[in-house]
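The values are calculated or read from the model by the stated rules, or taken from the named source; none is laboratory data. If you're wondering where the values come from, they're calculated on a predicted model, not measured in any experiment. Glycine also receives a Cβ, built like all others from the backbone with ideal geometry; neighbour counts cover every protein chain displayed.
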Amino acid sequence: MKKIFEYFTMINLYRLAGFILLFSGVLFYIFWGIIYGVWIDVGLISFVSPLIAFGFLTLWLADIKSKQTNIVKK
């Protein structure tokens with residue numbers, strides 16, 4: 001059984017941050033649209049699009065870092 005500290009690697013923290021950014025952006029957009037009935041709003045999109053973009057970029061960074069560590073381990 002793995003110890004809990006083995007899960008707290010930088011790659012897993014990148015993945016966690018990426019998922020948090022991605023899901024917070026998507027959920028904020030959906031809830032804002034449901035509550036206010038506005039789906040196309042410049043302020044909404046300017047707030048949500050960086051969250052989603054940074055979420056995808058952070059997940060991509062985690063993928064690149066995990067591939068680099070697998071290459072180094074071989």
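Take the conditions (1) in a helix (DSSP H, G or I); (2) out of contact with any Lys or Arg (no Cβ under 6 Å at 6 or more places or on another chain); residue 38 misses just one of them, which is (1). For the stretch 50-71, the count of residues that are assigned to a helix (DSSP H, G or I), farther than 28 Å from residue 7 by Cα and without any contact (Cβ under 8 Å) to a residue 40 or more places away in the chain is zero. Taken over the stretch 1-42, the criterion of being β-branched (Val, Ile, Thr) and within 12 Å of the chain's Cα centre (by Cα) is satisfied by 20, 26. On the basis of being under 21 Å from residue 7 (Cβ atoms), modelled with pLDDT of 95 or more, outside any loop (DSSP other than H, G, I, E, B) and among the small types (Gly, Ala, Ser), does residue 25 make the cut? No; evaluated as a whole, the condition is false for this residue. Restricting attention to the stretch 14-30, the residues that are loosely packed, with under 14 Cβ neighbours inside 10 Å and among the aromatic types (Phe, Trp, Tyr) add up to 1.
Residues that are surrounded by 12 or more Cβ atoms within 10 Å (Cβ to Cβ) and among the aromatic types (Phe, Trp, Tyr) were ranked within the stretch 31-57; the one that is modelled with the lowest pLDDT is 39. Whenever a residue of the stretch 6-32 is polar (S, T, N, Q), its partners that are assigned to a helix (DSSP H, G or I), lying with C-beta atoms within less than 7 angstrom and at least six residues away or across chains, give the pairs 24/51.
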